[in-house]
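Some notes on the structure that comes next.
The values are calculated or read from the model by the stated rules, or taken from the named source; none is laboratory data. The shown structure was predicted, so the numbers you read here are calculated from the model rather than taken from an experiment. Backbone-built Cβ (ideal geometry, glycine too); neighbour counts: all protein chains shown.
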Amino acid sequence: MVSRPPPLPPIRGLEPVSLTAWEGRVVAVVQLQGCNFKCPDCPAPHLVPQVFESGTIPLECALDAIHRRRRWLDAVVVAGGEPTLHEGLGDLVRLVRELGLRVRLHTNGSRPEELRDLLAGGEVASVAMTVRGPLDPTYAVAVGARVRLAAVYESVELLLRSPGEHEFRVPWLPRVVEQEQMSSVLRMLAGARRVVLEPARDGNPGLRALQQVARAAGPYVDSCVVAGRPGQDYGARAGSRSVSSRDGA
Amino acid sequence: MRRIALIRLRDGETVPFEQQRIRDAIERALLAAGTENRTLAVEIASVVELFLEKTFSDEVPSTAQVEDMVEKVLMDTGHAAAAKAFILHRDRRGRLRDAREARETRFQPTLFDHRVVVVDDGAEGRSAAFSRERLARTMAADGTVTRAVADDVAAGVESRLRKAGVARAPASLVRSLAEVELLARDVPLDLRRRGGAVLPAERLAAALYRKGTGGPAAPGGAPFPAVAATELGGAALRSHALGELLPAEVARAHLDGDLHVHGLELPAALYSAALRPGDVAAGTAPGCAARAPGDAARSARRLTASLGRAARFVGAAVTHDVAVIDVPRSYAPLLVEADREAIQEEAWHLLLETSADVGGRRLALDLTPVLPHAPSSAAEPHDARVAHDVRGDAPDRAAGAAAAFSAAVLRAHARREGLPPPDLLPVPTVTVSDRVLESPAARDVLRLAAEAVLRGSSVVFPLERETGRGRGDARHGPPAAGASGARPRGACAGRITLNLARLARRAGRDRVEGFLRACDRLVDVAALGHSARREILAQVAAASGGCLAPLLRGPRGRAPLYDLAEATWSFGITGLNEAVQLLSGFELHDGDETVSRLARRIVSYVALRVKAAGAAGDFVATLDADEDPAVARRLFAMDRSEAPAAMAERFPGRDAFSPGVTVRADAPIDLLARVEREEPLHANLSHATLRLALPAAEAGGPDGIVALLRKLLRAGSAVRVEVTTW
């Protein structure tokens with residue numbers, strides 16, 4: 001008996017060009033519907049419900065749009081929601097790879113098994129994982145849902161051990177995560193190749209506090225930057241230089 | 001004895017004699033003397049009339065003679081006090097009359113007699129009596145009319161002036177009257193070419209007092225008198241160039257809006273030029289007082305001062321763009337030993353010295369870092385020193401100093417501390433090439449340029465590909481032939497822009513072949529204009545002490561800075577988006593591949609025609625995108641005045657064409673779609689700029705901008721990219 005292949009994930013949004021989703025690269029962003037977190041500061045709350053009513057973008061249309069622009073694109077970023085919720089994610093990644101483009105995955109790290117499979121297959125060139133706080137009960141508040149902390153930790157370890165490119169995004173949730181806790185998050189990510197600290201959406205605490213965190217804990221990681229201040233790298237690799245130089249794609 | 005019937009007034013007119021007026025005058029005199037007696041006044045007036053009848057029986061007495069008689073009778077009849085009052089009154093009236101006459105005759109002609117008509121020549125600042133002979137001689141000297149006709153016309157002009165009764169006339173009026181007389185005699189003459197450079201009073205007032213929107217555009221909005229003078233002088237020269245210098249066909253096409261001739265306000269100037277600090281060191285740049293080559297480049301500070309002066313000299317002989325190129329390469333050997341603070345100081349001075357003057361044009365400052373082992377085409381002594389430093393003993397140190405200097409200039413440009421306003425600072429340009437992207441130091445400079453963009457500066461990134469078009473085309477704006485060669489560089493000598501939208505409107509929907517034929521004709525007209533301009537420039541260059549002599553003739557036996565024979569002549573195009581819309585019904589951004597193909601076909605066809613026109617006219621012709629919004633606005637206005645209904649229907653709410661080959665500015669498309677539509681068109685253009693405006697938050701930081709530039713370099717045909725953020 002031949003098992004039926006999993007359905008391809010529903011595409012809810014397509015950003016034809018982005019310069020911010022993968023720093024230093026021109027990418028298209030594919031957004032998938034559904035997330036297992038309900039973060040209070042979610043930048044795309046419309047993607048959170050796993051049952052969607054307002055329709056999707058046909059996969060053929062999305063791939064055709066990407067194909068037509070493939071000479072301008074370095075990669076495609078698959079984001080959500082939470083992409084690893086979809087069983088057909090691997091197939092989607094392979095379809096994009098067939099266009100000759102690399103793939104970056106944006107994940108919240110709650111499903112390390114799926115992440116391991118993708119990394120093992122070598123289909124994903126880069127993973128960006130969002131870490132919303134220290135791995136303690138605060139995390140459930142920060143993501144607005146019950147969360148298996150061991151799974152998040154496993155994902156972090158998986159990425160740290162993986163030879164591929166990765167990036168940890170650490171948003172600062174005001175009134176939920178304190179400054180000391182932010183430092184402990186960075187210590188947990190020790191050995192990471194790149195960490196991006198994201199300020200609170202309302203600007204409080206501001207960039208200065210975030211820079212203090214980066215300055216104190218930055219040496220644990222290779223590269224530590226504050227979103228909005230890309231020229232300043234507080235990581236160990238950058239050392240005392242104010243401007244880091246990165247290799248081109 | 002005959003009664004007095006008439007009296008002659010002072011102006012010679014005779015009027016009826018009125019005894020009542022004499023009675024009144026005597027009564028007032030008696031009253032002034034203290035005697036109020038009307039009967040006595042009547043009696044004395046009768047005596048005066050009697051004596052007048054006796055004295056002037058055969059002639060008409062004058063007013064003065066009547067008054068003399070009143071005085072005499074008053075004295076003889078014993079009314080001395082009344083006589084005195086009358087005499088005083090008469091004297092006061094006389095002085096008032098003299099003063100009034102003096103005031104009224106103050107502006108009357110004084111050169112000759114009162115019949116002379118004075119002609120005021122405001123442009124020359126002098127007046128002269130109208131001379132029929134001189135006017136006839138001038139007209140005959142033109143060779144357009146015979147002497148007999150000229151004499152006839154001059155007589156007609158004088159007759160008109162006399163009939164009008166004017167005492168003074170402006171020279172422009174005399175010229176106009178001469179044209180009317182010529183027209184009346186059916187003389188085959190293009191009247192527009194006879195017109196002088198006359199500016200309407202409203203235009204002058206607008207420039208001087210900044211009335212309306214026609215005032216001079218000065219930074220900060222202050223009404224600088226020098227800016228007004230430049231603008232008004234340019235307007236007069238533009239009028240002269242259209243009337244006298246350019247062929248009538250070209251002038252007519254410009255005035256009608258079929259094309260736009262650039263630089264009419266400075267007919268004897270180049271369009272654009274590039275200058276190297278090495279030119280200063282070699283002594284070929286103007287304005288450098290160094291006695292021997294190299295004197296001006298003994299220190300970075302000296303080089304900066306001389307470079308600023310040379311740039312101002314070149315800027316005075318160029319109507320549009322002046323680029324200072326190879327800056328880091330020239331400064332590198334002078335800064336190898338300098339510490340960080342000294343380099344920052346020199347960078348600040350360079351920005352200060354190369355900033356534009358009020359109302360002037362901004363320079364382009366090439367800050368592309370020196371690449372180790374870069375093949376150097378320089379053969380001049382100064383560049384040879386640099387090349388030695390870069391390739392010889394200390395390549396890393398020289399390249400490092402060059403990169404540090406570029407970075408310092410970009411940082412100072414972004415900070416702007418102690419520098420002129422941003423709209424006067426030079427525009428940084430940093431070339432993007434594979435070798436720049438591969439070199440860590442050069443890439444850091446590129447990232448700094450991107451950071452400057454994120455801080456609000458406008459930076460131009462020429463794209464230099466390993467194969468394909470040469471370095472000189474892409475890097476330094478309007479093409480400067482042989483820009484990196486040892487021989488004298490050329491410059492872009494002139495530009496004439498074709499109004500593609502006008503031709504498309506006249507051709508009509510789907511009539512592409514007719515449109516292309518119209519392009520043929522317009523290219524020929526533009527070539528005619530370039531040929532005429534070339535003759536003007538050749539004359540100016542050949543003239544000893546002419547304004548272009550310092551640039552086109554080497555000082556003190558040295559090689560000239562530019563060679564007119566190698567200068568390029570630019571054919572600009574504008575309004576391609578609207579031309580495509582008029583031909584196909586779709587704009588560049590909303591059509592399918594057919595529309596893109598049509599746009600590419602138009603550009604490649606015109607490029608071919610331009611090349612052929614250059615070959616036929618024996619000059620180097622280039623096809624460029626004219627991105628000047630003022631030109632696009634002017635040509636749109638001309639079209640609107642020619643066909644208001646059609647233009648309003650096709651382009652509602654618009655006031656300008658899309659400049660050059662760009663997609664409409666407010667087109668509802670994303671960044672890549674804009675790039676996809678515009679950059680293929682650059683393949684056939686020598687100079688075009690892809691303008692990308694990004695939201696600062698979505699620019700992805702300097703790395704995002706660098707990534708975009710890298711993609712454009714490797715995947716597209718774009719020549720130059722200008723990135724701004726908002």
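Restricted to region A:1-56, and to residues that are polar (S, T, N, Q) and buried (at least 16 other Cβ atoms within 10 Å of the Cβ), which residue is nearest to the other protein chains (Cβ to nearest Cβ)?
Residues of region A:1-56 polar (S, T, N, Q): A:3, A:18, A:20, A:31, A:33, A:36, A:50, A:54, A:56.
Checking the rest, the ones that are also buried (at least 16 other Cβ atoms within 10 Å of the Cβ) come to A:18, A:20, A:31, A:33, A:36.
Working: A:S18: 7, A:T20: 4, A:Q31: 16, A:Q33: 22, A:N36: 28 Å.
Top of the filtered list is A:T20.
Pick from region B:280-317 the residues that are more than 24 Å from B:E345 (Cβ to Cβ) and touching a helix residue (DSSP H, G or I) at 6+ places or on another chain (Cβ under 9 Å): which of them is modelled with the lowest pLDDT? Before you say what the answer is, go through the steps one by one.
Just the residues of region B:280-317 that are more than 24 Å from B:E345 (Cβ to Cβ), to begin with: B:282-284, B:286, B:291-293, B:313-317.
So of that shortlist, the ones also touching a helix residue (DSSP H, G or I) at 6+ places or on another chain (Cβ under 9 Å) come out as B:282-284, B:286, B:293, B:313-314, B:317.
On the way: B:A282: 76, B:G283: 74, B:T284: 75, B:P286: 75, B:P293: 59, B:F313: 84, B:V314: 85, B:A317: 84.
This residue is B:P293.
With the condition kept exactly as written, say whether any residue in region B:331-340 is surrounded by fewer than 18 Cβ atoms within 10 Å (Cβ to Cβ) and closer than 21 Å to B:E417 by Cα.
Yes, the conditions are met somewhere in region B:331-340.
Results for (1) under 21 Å from B:C519 (Cβ atoms); (2) of a type in the set (S, T, N, Q); (3) in contact with an Asp or Glu (Cβ under 7 Å, 6 or more places away or on another chain), shown as yes or no for each residue.
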residue	(1), (2), (3)
B:D592	no, no, no
B:R600	yes, no, no
B:A616	yes, no, no
B:T622	yes, yes, no
B:F657	yes, no, yes
B:V661	yes, no, yes
B:D666	no, no, no
B:A673	no, no, no
B:A688	yes, no, yes
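Answer with yes or no whether B:L583 is in contact (Cβ under 8 Å) with a residue 24 or more places away in the chain, crowded, with 20+ Cβ neighbours inside 10 Å and in a loop (DSSP other than H, G, I, E, B). Write out each step before concluding.
Numbers: in contact (Cβ under 8 Å) with a residue 24 or more places away in the chain: yes; crowded, with 20+ Cβ neighbours inside 10 Å: yes; in a loop (DSSP other than H, G, I, E, B): no.
It is false that B:L583 is in contact (Cβ under 8 Å) with a residue 24 or more places away in the chain, crowded, with 20+ Cβ neighbours inside 10 Å and in a loop (DSSP other than H, G, I, E, B).
Among residues belonging to region B:138-156 that are under 25 Å from B:A236 (Cα atoms) and either hydroxyl-bearing (S, T, Y) or modelled with pLDDT of 85 or more (or both), point out the one that is surrounded by the fewest Cβ atoms within 10 Å (Cβ to Cβ).
Among those that are under 25 Å from B:A236 (Cα atoms) and either hydroxyl-bearing (S, T, Y) or modelled with pLDDT of 85 or more (or both), it is B:T138.
Would you be able to say whether some residue in region B:660-671 is within 14 Å of another protein chain (Cβ to nearest Cβ), among the aliphatic types (A, V, I, L, M) and closer than 28 Å to B:R601 by Cβ? Before you say what the answer is, go through the steps one by one.
Initial filter on region B:660-671 (within 14 Å of another protein chain (Cβ to nearest Cβ)): B:668-671.
This time we only want the ones that are among the aliphatic types (A, V, I, L, M), so: B:669, B:671.
Checking the rest, the ones that are also closer than 28 Å to B:R601 by Cβ come to B:669, B:671.
Yes, some residue in region B:660-671 is within 14 Å of another protein chain (Cβ to nearest Cβ), among the aliphatic types (A, V, I, L, M) and closer than 28 Å to B:R601 by Cβ.
Residues that are away from chain A (no Cβ under 14 Å) and touching a residue at least 40 places away in the same chain (Cβ under 8 Å): does region B:692-715 have at least one?
No: region B:692-715 contains no residue that is away from chain A (no Cβ under 14 Å) and touching a residue at least 40 places away in the same chain (Cβ under 8 Å).
Testing B:R634 on (1) among the basic types (K, R); (2) away from chain A (no Cβ under 14 Å); (3) more than 22 Å from B:R505 (Cα to Cα), one condition comes back false. Which one is that?
Condition (3) is where B:R634 drops out.
Which members of region B:14-35 meet the condition of being exposed (fewer than 14 other Cβ atoms within 10 Å of the Cβ) and more than 21 Å from B:G78 (Cα to Cα)?
Residues satisfying the conditions are B:T14, B:V15, B:P16, B:E18, B:Q20, B:R21.
Looking only at region B:417-456, count how many residues are within 14 Å of another protein chain (Cβ to nearest Cβ), over 18 Å from B:L708 (Cβ atoms), crowded, with 18+ Cβ neighbours inside 10 Å and not hydrophobic (A, V, I, L, M, F, W, C). Steps first, please.
Taking region B:417-456 first, the residues within 14 Å of another protein chain (Cβ to nearest Cβ) are B:432-455.
Those left that are additionally over 18 Å from B:L708 (Cβ atoms): B:435, B:439-441.
Filter once more, keeping what is crowded, with 18+ Cβ neighbours inside 10 Å: B:439, B:441.
This time we only want the ones that are not hydrophobic (A, V, I, L, M, F, W, C), so: B:439.
Matching residues across region B:417-456 total 1.
Could you pull out every one of the helices (runs of 4 or more DSSP H) wholly within region B:612-708 that has 2 or more residues that are surrounded by 15 or more Cβ atoms within 10 Å (Cβ to Cβ) and touching a strand residue (DSSP E or B) at 6+ places or on another chain (Cβ under 7 Å)? Full working, then the answer.
Working: elements: B:629-642, B:644-650, B:671-678.
Where helices (runs of 4 or more DSSP H) fall fully within region B:612-708 and carry at least 2 residues being surrounded by 15 or more Cβ atoms within 10 Å (Cβ to Cβ) and touching a strand residue (DSSP E or B) at 6+ places or on another chain (Cβ under 7 Å), they are B:629-642, B:671-678.
Test A:G100 against the stated conditions and say whether it is away from every other protein chain (no Cβ under 14 Å) and part of a loop (DSSP other than H, G, I, E, B). It would help to see each step written out before you state the result.
On the way: away from every other protein chain (no Cβ under 14 Å): no; part of a loop (DSSP other than H, G, I, E, B): yes.
For A:G100, the condition - away from every other protein chain (no Cβ under 14 Å) and part of a loop (DSSP other than H, G, I, E, B) - is not met.
Would you check if B:A718 is under 17 Å from A:L73 (Cβ atoms) and aliphatic (A, V, I, L, M)?
Values: under 17 Å from A:L73 (Cβ atoms): yes; aliphatic (A, V, I, L, M): yes.
Yes: the conditions hold for B:A718.
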